[in-house]
1. Can you find a residue that is part of a loop (DSSP other than H, G, I, E, B) and polar (S, T, N, Q) anywhere in segment 168-191?
2. Counting only residues that are open to solvent by 40 Å² or more (accessible area, probe 1.4 Å) and outside any helix (DSSP H, G or I), which one in segment 292-308 is nearest to Tyr130 (Cα to Cα)?
3. Among the residues that make up segment 246-264, is at least one of them buried (at least 19 other Cβ atoms within 10 Å of the Cβ) and closer than 16 Å to Ala134 by Cβ?
4. Do we find a residue being surrounded by fewer than 24 Cβ atoms within 10 Å (Cβ to Cβ) and in contact with an Asp or Glu (Cβ under 7 Å, 6 or more places away or on another chain) anywhere in segment 116-137?
5. Within segment 276-291, can you find the residues that are in contact with a Ser or Thr (Cβ under 8 Å, 6 or more places away or on another chain) and outside any helix (DSSP H, G or I)?
6. List every residue pair whose Cβ atoms sit under 7 Å apart, with the two residues 6 or more apart in sequence or on different chains, where the first one lies in segment 99-111 and is more than 17 Å from Arg298 (Cα to Cα) and the second, anywhere, is open to solvent by 100 Å² or more (accessible area, probe 1.4 Å).
7. Cβ-Cβ distance below 8 Å, separation of 6 or more or different chains: which pairs start in segment 295-322 with a residue that is over 30 Å from Ala252 (Cβ atoms) and end on one that is acidic (Asp, Glu) and in a loop (DSSP other than H, G, I, E, B)?
Amino acid sequence: MPEQPYDMNEAVAPSSAGGSMDLATSEAESLERAPGPPTGPAGPDPAATAAAVPARSLWSDAWRELRRNPVFIISALLIVFLVLISVWPQLIAGGNPLQCDLSKSQAPAGPGHPFGYDTQGCDVYTRTVYGARASVTVGICATLGAALLGSVLGGLAGFHGSWADALLSRTADIFFGIPVILGGLVFLSVVTSSTVWPVVGFIALLGWPQIARIARGSVITAKQNDYVQAARALGASNRRLLLRHVAPNAVAPVIVVSTIALGTYISLEATLSYLGVGLRPPTVSWGIDISNAAPQIRNAPHMLLWPAGALSITVLAFIMLGDAVRDALDPKLR
């Protein structure tokens with residue numbers, strides 16, 4: 001049989017079936033140059049393959065989980081809406097919450113007034129919208145104050161230990177022994193200001209010990225990690241250890257507790273206003289409206305329904321947000 005001429009433009013490569021298949025020279029060269037995972041004598045190198053995948057931090061993983069959580073999306077949308085109407089209540093309410101007409105006292109809902117009127121003849125819808133400003137302001141400011149004070153004191157006590165830790169623990173025990181409602185009745189009854197700041201200061205004063213304990217325990221856990229000990233062995237100062245290595249890895253529990261506590265502080269403000277020692281008129285507050293509507297619950301239930309419903313939805317939104325953040329920041333709950 002005559003010998004077939006060999007074509008230099010073709011290459012033969014073994015196939016998976018044990019036969020052969022023809023590849024063009026250009027295709028063979030492209031296969032040889034194709035990138036792939038680094039291989040060793042026993043196959044792909046696991047270390048090199050893992051290094052090729054970009055590492056994600058705790059916060060990027062948490063944000064990735066939060067974006068997929070419907071509870072977080074719903075609660076975040078509710079909170080954004082509440083913040084918007086707190087800053088610009090005119091977006092959805094064009095009336096004046098302090099403009100009342102006694103001839104319309106306890107009148108039911110009508111055109112242009114979907115929530116009816118209260119005892120003084122004020123529009124319940126307008127007062128409910130404007131009441132979000134005081135409640136959200138108290139909740140956010142009190143949470144920031146308690147979180148800042150508790151984080152600083154708890155973090156320093158947990159990091160340095162010794163007498164500072166003992167002093168913080170005993171001081172926190174004293175504040176834990178003060179009943180919140182009784183303390184509010186005593187402290188706020190002597191305050192004559194009608195602004196939100198006395199209430200904010202009182203709530204932050206009684207709220208910081210809880211956050212301080214959380215921050216203390218988190219810092220104690222974080223400072224025992226190997227990377228902190230390695231940085232200390234390399235000569236890092238206490239300030240650098242605390243700010244660069246310990247605090248960023250200990251702040252997650254504080255954020256979770258603060259987010260959940262925000263809803264609790266809003267309900268506490270409403271409770272104190274209901275008792276007459278919190279916010280006072282002419283400030284518009286859900287607690288004040290609930291207090292005014294309680295004696296008329298049988299004659300005009302709409303006066304109580306709408307501000308109480310707005311308060312419940314707000315507190316629920318912040319608690320749901322805190323639960324979602326906790327689930328995202330805790331790898332054990334994923």
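1. Checked segment 168-191: at least one residue is part of a loop (DSSP other than H, G, I, E, B) and polar (S, T, N, Q).
2. Pro301
3. The answer is yes; a qualifying residue exists.
4. Yes, that holds for at least one residue.
5. If the condition is that a residue be in contact with a Ser or Thr (Cβ under 8 Å, 6 or more places away or on another chain) and outside any helix (DSSP H, G or I), then Gly276, Val277, Gly278, Leu279, Arg280, Pro281, Pro282, Thr283, Ser285 are the ones that fit.
6. Cys100/Gln120; Leu102/Gln120
7. Filtered contacts from segment 295-322: Ala300/Asp118; Met303/Asp118.
The values are calculated or read from the model by the stated rules, or taken from the named source; none is laboratory data. No experiment lies behind these values; they were computed from the predicted model shown. Note that each Cβ is placed from the backbone with ideal geometry, even for glycine, and that neighbours are counted across all protein chains shown. Areas reflect the complete protein model, heavy atoms only, side chains present, ligands, DNA and RNA absent. Shrake-Rupley method; radii C 1.70, N 1.55, O 1.52, S 1.80 Å.
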